[in-house]
Amino acid sequence: MTLKPEDMGILEKIAEIEREIARTQKNKATEYHLGLLKAKLAKYRQQLLEPTTKAGAKGEGFDVMKSGDARVALIGFPSVGKSTLLNTLTATHSESASYEFTTLTCIPGVIQYNGANIQLLDLPGIIEGASQGKGRGRQVIAVARTADLVIIMLDAMKGDVQRSLLEKELESVGIRLNKKRPNIYFKLKKGGGVSFNSMCPLTHCSEKLVQMILHEYKIFNCEVLFREDCTADEFIDVICGNRVYLPCLYVYNKIDQISIEEVDRIAHQPYSVVISCEMKLNLDYLLEKMWEHLALIIVYTKRRGCPPDFGDGIIMRRSCSVEHVCHSIHRQLKSQFKYALVWGTSVKYSPQRVGLQHVMCHEDVIQVMKK
Ligand SMILES: Nc1nc2c(ncn2[C@@H]2O[C@H](COP(=O)(O)OP(=O)(O)OP(=O)(O)O)[C@@H](O)[C@H]2O)c(=O)[nH]1
Ligand SMILES: [K+]
Ligand SMILES: [Mg+2]
């Protein structure tokens with residue numbers, strides 16, 4: 001893909017701000033200057049990502065329908081083994097070969113696990129500069145935004161450079177990996193100026209810095225409440241409003257090619273899983289971790305006087321309530337709900353009588369009693 005001419009101006013501006021940030025020393029005196037530069041940078045990056053109406057700009061072959069209970073996107077440099085993984089875990093075939101950029105579109109497959117259908121998306125390899133449109137980077141990243149879990153796939157032989165490069169690419173387009181949404185209340189107002197409050201001492205940000213950032217975004221009337229000690233970057237994320245917070249697993253493939261000591265070192269890093277697609281090593285563990293990070297649970301239903309229906313569980317998100325379960329059984333069920341009986345780890349006694357607010361656990365059994 002080539003860059004659109006109208007992007008060039010913005011790209012130049014981004015590069016210039018990045019150079020300025022790099023050459024500005026980080027200290028108390030430059031804090032505001034840096035904060036402002038970061039706000040500008042975030043603004044330009046956002047412009048770069050704004051959808052264009054031109055045909056084909058979104059990229060052919062990338063509009064894959066969401067299906068199943070959850071979606072996992074495979075992101076990685078070329079030839080790390082993304083397609084080989086899809087071929088190993090699903091019934092779908094995606095061309096794999098030793099040359100780079102074998103895959104050019106988005107190829108969906110389905111993993112059946114714990115009774116759930118998990119959509120796994122094989123994608124083209126991305127390279128440094130992907131977020132600015134290199135290769136099919138932008139289309140790949142757009143797909144990553146729609147996922148419930150991102151797998152950053154890495155070649156175990158290539159060291160840790162690839163990991164931080166990919167993190168940077170995703171970071172720069174507003175994808176936040178394994179981070180929670182900053183706890184800042186932010187509301188635009190019609191008038192009344194800026195009202196600023198914080199519920200704790202702020203060590204990374206200040207009212208003055210917040211004011212300057214808001215000014216840069218031409219926001220003059222709003223309410224801001226820091227509920228925790230957030231940074232200026234996190235505040236910018238909140239006012240931009242289009243950040244996505246996704247769980248991410250770092251999957252190191254081709255461990256058949258490295259020493260056992262190296263495998264051991266990588267396996268101990270946070271959110272990391274080591275595998276070999278070719279030798280089919282550790283793939284069960286990968287599936288277990290995917291399930292865990294997707295935060296899925298299975299709940300079984302039961303009718304009065306009958307055994308639980310273990311053949312047909314309901315796939316739900318972790319910390320879902322009885323109300324959520326009722327909703328996915330039948331839209332009208334909630335209005336007829338009297339109470340429910342639950343067997344399993346979410347209750348002290350099995351069965352236990354619970355209300356709509358009760359939080360369910362993995363493999364619980366539920367019997368809904370109607371009015
Ligand atoms: N040694 C080893 N090689 C592997 C493993 N998994 C995949 N490969 C090889 O790595 C090469 C690239 O595999 P692909 O599946 O095409 O990689 P990809 O990430 O889909 O590549 P692109 O689509 O080009 O981005 C192929 O030659 C595979 O046979 C593995 O576990 N060990
Ligand atoms: K390849
Ligand atoms: Mg491929």
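The values are calculated or read from the model by the stated rules, or taken from the named source; none is laboratory data. These numbers were taken from a predicted model, which means no experiment stands behind them. With ideal geometry, Cβ positions are generated from the backbone for all residues, glycine too; neighbour counts draw on all protein chains shown. The area values use the complete protein model at the heavy-atom level, side chains included, leaving out ligands, DNA and RNA. Shrake-Rupley method; radii C 1.70, N 1.55, O 1.52, S 1.80 Å.
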Exercise for the section: Would you confirm whether any residue within the stretch 291-308 is open to solvent by 40 Å² or more (accessible area, probe 1.4 Å), under 30 Å from Cys248 (Cα atoms) and in contact (Cβ under 8 Å) with a residue 24 or more places away in the chain? Expected result: yes
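Let's see how each residue does on (1) β-branched (Val, Ile, Thr); (2) open to solvent by 40 Å² or more (accessible area, probe 1.4 Å); (3) within 16 Å of ligand 2 (Cβ to nearest atom):
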position	(1), (2), (3)
Lys66	no, yes, no
Pro78	no, no, yes
Lys82	no, no, yes
Thr90	yes, no, no
Ser96	no, yes, yes
Tyr99	no, yes, yes
Cys106	no, no, yes
Problem - Inter-residue pairs, beta-carbon under 7 Å, first at positive phi and in the same structural domain as Leu333 (by the TED database) and in the stretch 344-369, second open to solvent by less than 70 Å² (accessible area, probe 1.4 Å) and not small (Gly, Ala, Ser), 6+ apart - result: Gly344/Cys361; Gly344/Asp364; Gly344/Val365; Glu363/Ile298
Handout entry: Test result for Ile151, assigned to a helix (DSSP H, G or I) and buried (at least 20 other Cβ atoms within 10 Å of the Cβ)
Key = no
Practice task
Filter the stretch 97-114 down to residues that are assigned to a loop (DSSP other than H, G, I, E, B) and either in contact (Cβ under 8 Å) with a residue 24 or more places away in the chain or among the β-branched types (Val, Ile, Thr) (or both) and give me whichever is nearest to ligand 3 (Cβ to nearest atom).
Solution key: Thr103
Handout entry: Options Val238, Val263, Val224: the member that is farther than 28 Å from Asn27 by Cα and open to solvent by less than 40 Å² (accessible area, probe 1.4 Å)
Key = Val263
Practice task
Name the one entry in Glu223, Glu207 that is without any contact (Cβ under 8 Å) to a residue 24 or more places away in the chain and in contact with a strand residue (DSSP E or B) (Cβ under 6 Å, 6 or more places away or on another chain).
Solution key: Glu207
